[in-house]
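As C-alpha coordinates, the structure follows; a few thoughts come after it.
The values are calculated or read from the model by the stated rules, or taken from the named source; none is laboratory data. Keep in mind the model is a prediction, meaning the values are calculated, not measured. Cβ atoms come from the backbone with ideal geometry, glycine included; neighbour counts cover every protein chain shown. Note: accessible area is taken over every heavy atom of the protein model, side chains too, but ligands, DNA and RNA are not part of it. Shrake-Rupley method; radii C 1.70, N 1.55, O 1.52, S 1.80 Å.
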Amino acid sequence: MKKTPKRLVLITILVLVFLVLLLFAIRVFSSREIDDVTPGIYCEPEYLEKAQILWVIPNYNNTPISQNETWCEKIISMNKTLGMHGVRHQPYEEFKIENKTQEEFQKGIKIFEDCFNQTPTRFKSPQLALSQENKKMILENFPDLKIKSYFNQITHKVYHCSDTGRFSNRIIDLF
(Lines give C-alpha, C1' and ligand atoms only; values in the text may rest on other atoms or scores of the structure.)
Protein backbone atom coordinates (compact mmCIF):
# COMPACT_ATOMS: atom_id res chain seq x y z
CA MET A 1 0.00 0.00 0.00
CA LYS A 2 2.80 2.45 0.75
CA LYS A 3 4.05 2.22 -2.86
CA THR A 4 0.75 3.39 -4.33
CA PRO A 5 1.20 7.10 -3.45
CA LYS A 6 4.77 7.06 -4.83
CA ARG A 7 3.56 5.42 -8.01
CA LEU A 8 0.78 8.00 -8.35
CA VAL A 9 3.31 10.83 -7.90
CA LEU A 10 5.59 9.28 -10.53
CA ILE A 11 2.72 8.87 -13.01
CA THR A 12 1.64 12.48 -12.37
CA ILE A 13 5.18 13.75 -12.97
CA LEU A 14 5.48 11.72 -16.19
CA VAL A 15 2.16 13.01 -17.47
CA LEU A 16 3.16 16.61 -16.72
CA VAL A 17 6.53 16.17 -18.46
CA PHE A 18 4.76 14.66 -21.45
CA LEU A 19 2.29 17.57 -21.61
CA VAL A 20 5.10 20.15 -21.43
CA LEU A 21 7.01 18.38 -24.20
CA LEU A 22 3.83 18.16 -26.28
CA LEU A 23 3.19 21.89 -25.84
CA PHE A 24 6.80 22.64 -26.81
CA ALA A 25 6.44 20.53 -29.96
CA ILE A 26 3.16 22.22 -30.89
CA ARG A 27 4.77 25.68 -30.48
CA VAL A 28 7.76 24.66 -32.61
CA PHE A 29 5.59 23.56 -35.52
CA SER A 30 2.73 26.07 -35.31
CA SER A 31 2.70 29.40 -37.10
CA ARG A 32 4.45 32.40 -35.55
CA GLU A 33 2.65 35.68 -35.07
CA ILE A 34 3.51 39.27 -34.22
CA ASP A 35 1.18 41.71 -32.48
CA ASP A 36 0.98 45.52 -32.67
CA VAL A 37 2.04 45.96 -36.30
CA THR A 38 1.45 49.58 -37.33
CA PRO A 39 3.62 52.41 -38.70
CA GLY A 40 3.57 54.17 -35.29
CA ILE A 41 5.29 51.30 -33.44
CA TYR A 42 8.78 50.07 -34.31
CA CYS A 43 8.90 46.39 -35.27
CA GLU A 44 12.15 44.50 -35.23
CA PRO A 45 12.70 43.22 -38.81
CA GLU A 46 13.81 39.76 -37.63
CA TYR A 47 10.47 39.15 -35.88
CA LEU A 48 8.45 40.53 -38.78
CA GLU A 49 10.33 38.10 -41.00
CA LYS A 50 9.83 35.12 -38.66
CA ALA A 51 6.10 35.69 -38.25
CA GLN A 52 3.60 34.17 -40.65
CA ILE A 53 0.69 36.20 -39.22
CA LEU A 54 0.89 39.97 -38.70
CA TRP A 55 -1.68 41.48 -36.29
CA VAL A 56 -2.22 45.02 -37.55
CA ILE A 57 -3.62 47.99 -35.61
CA PRO A 58 -5.58 50.00 -38.22
CA ASN A 59 -5.93 53.36 -36.41
CA TYR A 60 -3.17 53.60 -33.79
CA ASN A 61 -3.03 57.05 -32.14
CA ASN A 62 -5.88 58.09 -34.47
CA THR A 63 -3.54 57.78 -37.44
CA PRO A 64 -5.02 55.48 -40.09
CA ILE A 65 -2.49 53.05 -41.55
CA SER A 66 -4.01 53.74 -44.96
CA GLN A 67 -2.40 57.21 -44.90
CA ASN A 68 1.03 55.59 -45.20
CA GLU A 69 0.91 53.99 -48.65
CA THR A 70 4.61 53.09 -48.61
CA TRP A 71 4.18 51.19 -45.36
CA CYS A 72 1.06 49.42 -46.68
CA GLU A 73 2.92 48.33 -49.81
CA LYS A 74 5.85 47.08 -47.72
CA ILE A 75 3.56 44.98 -45.53
CA ILE A 76 1.70 43.60 -48.56
CA SER A 77 5.01 42.70 -50.23
CA MET A 78 5.95 40.54 -47.24
CA ASN A 79 3.21 38.12 -48.37
CA LYS A 80 2.04 37.30 -44.83
CA THR A 81 -1.39 36.53 -43.41
CA LEU A 82 -2.86 39.74 -41.99
CA GLY A 83 -5.30 40.09 -39.12
CA MET A 84 -6.90 43.08 -37.44
CA HIS A 85 -5.64 43.80 -33.91
CA GLY A 86 -8.20 46.08 -32.31
CA VAL A 87 -9.09 49.40 -33.89
CA ARG A 88 -7.02 51.97 -31.99
CA HIS A 89 -5.31 49.73 -29.40
CA GLN A 90 -5.71 52.65 -27.01
CA PRO A 91 -6.51 52.00 -24.25
CA TYR A 92 -4.87 48.58 -24.36
CA GLU A 93 -8.05 46.78 -23.37
CA GLU A 94 -10.26 48.86 -25.68
CA PHE A 95 -12.58 45.93 -26.45
CA LYS A 96 -13.12 45.11 -22.80
CA ILE A 97 -13.58 48.51 -21.17
CA GLU A 98 -15.34 50.34 -24.02
CA ASN A 99 -18.56 49.31 -25.72
CA LYS A 100 -17.67 49.48 -29.38
CA THR A 101 -20.24 50.44 -31.95
CA GLN A 102 -20.63 48.66 -35.23
CA GLU A 103 -19.68 51.94 -36.92
CA GLU A 104 -16.38 52.23 -35.04
CA PHE A 105 -15.52 48.61 -35.75
CA GLN A 106 -16.48 49.07 -39.41
CA LYS A 107 -14.23 52.17 -39.55
CA GLY A 108 -11.28 50.00 -38.46
CA ILE A 109 -12.14 47.42 -41.11
CA LYS A 110 -12.39 50.15 -43.79
CA ILE A 111 -8.94 51.53 -42.86
CA PHE A 112 -7.56 47.97 -43.04
CA GLU A 113 -9.19 47.44 -46.46
CA ASP A 114 -7.94 50.79 -47.80
CA CYS A 115 -4.38 49.89 -46.81
CA PHE A 116 -4.21 46.25 -47.88
CA ASN A 117 -7.00 45.98 -50.47
CA GLN A 118 -8.45 43.04 -48.53
CA THR A 119 -11.05 42.55 -45.82
CA PRO A 120 -9.70 41.15 -42.57
CA THR A 121 -10.78 37.57 -41.87
CA ARG A 122 -9.12 37.40 -38.46
CA PHE A 123 -9.50 39.54 -35.37
CA LYS A 124 -7.57 39.68 -32.12
CA SER A 125 -8.50 42.18 -29.45
CA PRO A 126 -5.61 43.94 -27.67
CA GLN A 127 -4.48 41.98 -24.60
CA LEU A 128 -7.09 39.41 -25.73
CA ALA A 129 -9.52 41.41 -23.58
CA LEU A 130 -13.02 41.22 -25.04
CA SER A 131 -16.31 41.95 -23.31
CA GLN A 132 -19.31 39.76 -24.05
CA GLU A 133 -21.13 42.77 -25.55
CA ASN A 134 -18.31 43.48 -28.00
CA LYS A 135 -17.90 39.82 -28.88
CA LYS A 136 -21.63 39.59 -29.59
CA MET A 137 -21.53 42.75 -31.76
CA ILE A 138 -18.57 41.41 -33.74
CA LEU A 139 -20.09 37.97 -34.32
CA GLU A 140 -23.54 39.34 -35.21
CA ASN A 141 -22.19 41.75 -37.79
CA PHE A 142 -19.11 39.87 -38.96
CA PRO A 143 -19.95 36.15 -38.53
CA ASP A 144 -17.04 34.94 -40.67
CA LEU A 145 -14.41 36.77 -38.63
CA LYS A 146 -12.19 34.37 -36.67
CA ILE A 147 -11.57 35.73 -33.16
CA LYS A 148 -8.34 34.64 -31.47
CA SER A 149 -8.21 33.59 -27.82
CA TYR A 150 -5.78 32.80 -25.00
CA PHE A 151 -5.44 29.23 -26.28
CA ASN A 152 -3.86 30.68 -29.43
CA GLN A 153 -1.25 32.50 -27.32
CA ILE A 154 -0.30 29.25 -25.59
CA THR A 155 0.00 27.15 -28.73
CA HIS A 156 1.74 29.72 -30.96
CA LYS A 157 4.86 31.83 -30.64
CA VAL A 158 3.48 35.38 -30.48
CA TYR A 159 6.00 38.22 -30.68
CA HIS A 160 5.27 41.91 -30.04
CA CYS A 161 6.56 44.93 -31.91
CA SER A 162 8.97 46.94 -29.73
CA ASP A 163 9.24 43.84 -27.55
CA THR A 164 6.34 44.97 -25.36
CA GLY A 165 4.76 41.60 -24.57
CA ARG A 166 4.53 39.96 -21.17
CA PHE A 167 7.58 37.92 -22.13
CA SER A 168 10.54 39.15 -24.15
CA ASN A 169 10.60 38.18 -27.82
CA ARG A 170 13.86 36.30 -27.11
CA ILE A 171 12.14 34.21 -24.44
CA ILE A 172 9.26 33.54 -26.86
CA ASP A 173 11.84 32.40 -29.41
CA LEU A 174 13.35 29.90 -26.97
CA PHE A 175 10.08 28.34 -25.91
Can you list residues whose amide H is under 5 Å from Arg32's amide H, if they're 5+ apart or on another chain and H is modeled 1.01 Å from N? Gln52, Ile53
Among the aspartates and glutamates, which fall within straight-line cross-link reach of Lys96, defined as a Cα-Cα distance under 15 Å, with same-chain neighbours fewer than 8 residues apart omitted? Glu104, Glu133
Share of carbon and sulfur in the accessible heavy-atom surface of the chain [1.4 Å probe, %]: 58 percent
So what is the relative contact order for region 1-92, in percent, with contacts set as C-alpha pairs under 8 Å and at least six apart? 25 percent
Using a ≥ b ≥ c from the Cα gyration tensor of region 102-175 (square roots of the eigenvalues), is it rounded, prolate or oblate, where a/c under 1.5 gives rounded and otherwise the larger of a/b and b/c decides, a/b for prolate? prolate
Highest to lowest packing among 56-65, 134-143, scored as the average C-beta count within 10 Å: 56-65, 134-143
Please compare each pair in Lys6/Lys157; Lys50/Lys135; Lys74/Lys107; Lys50/Lys136 to a cut-off of 27 Å on the Cα-Cα distance and tell me which ones are over it. Lys6/Lys157; Lys50/Lys135; Lys50/Lys136
For Lys96, Lys50, Lys157, the accessible-area ranking with a 1.4 Å probe, largest leading, is Lys96, Lys50, Lys157
Rolling a 1.4 Å sphere over the protein heavy atoms, what is the accessible area per residue of the chain, to the nearest Å²? 61 Å²
Please give the net charge around Cys161, taking every other residue with its beta carbon less than 11 angstrom from that of Cys161, where Lys and Arg add +1 and Asp and Glu add -1. -4
For region 44-51, take each phi angle, set θ = phi - 60°, evaluate the Karplus expression 6.51 cos²θ - 1.76 cosθ + 1.60, and give the result in whole Hz per residue in order, putting x for glycine and proline. 5, x, 5, 7, 4, 5, 5, 6
Value of [θ]222 nm, deg cm²/dmol, for the chain, DSSP H segments ≥ 4, -39500 (n - 2.57) each, nearest 500: -14000 deg cm²/dmol
Two decimals is fine: what's Rg over Rh for region 45-175, C-alpha atoms, Kirkwood radius as Rh? 0.94
Ranked highest first by average number of other Cβ atoms within 10 Å, how do 102-111, 32-41 line up? 32-41, 102-111
Hey, in the GNM for the chain with a 10 angstrom Cα cutoff, which one of Leu23, Leu82, Leu54 fluctuates hardest? Leu23
For region 1-73, alpha-carbon Rg relative to the globular expectation (2.2 N^0.38 Å, N residues): 1.99
The answer for the net charge of residues other than Ile65 whose Cβ lies under 13 angstrom from its Cβ, with Lys and Arg +1 and Asp and Glu -1, is -1
Give me Rg over Rh for region 98-145, both radii from the alpha carbons and Rh done the Kirkwood way, two decimal places. 0.95
What helices does the chain hold that run 24 Å or longer along their axis, going by alpha-carbon atoms, with a Kyte-Doolittle average of -1.0 or more, using DSSP H for the helix calls? 3-29
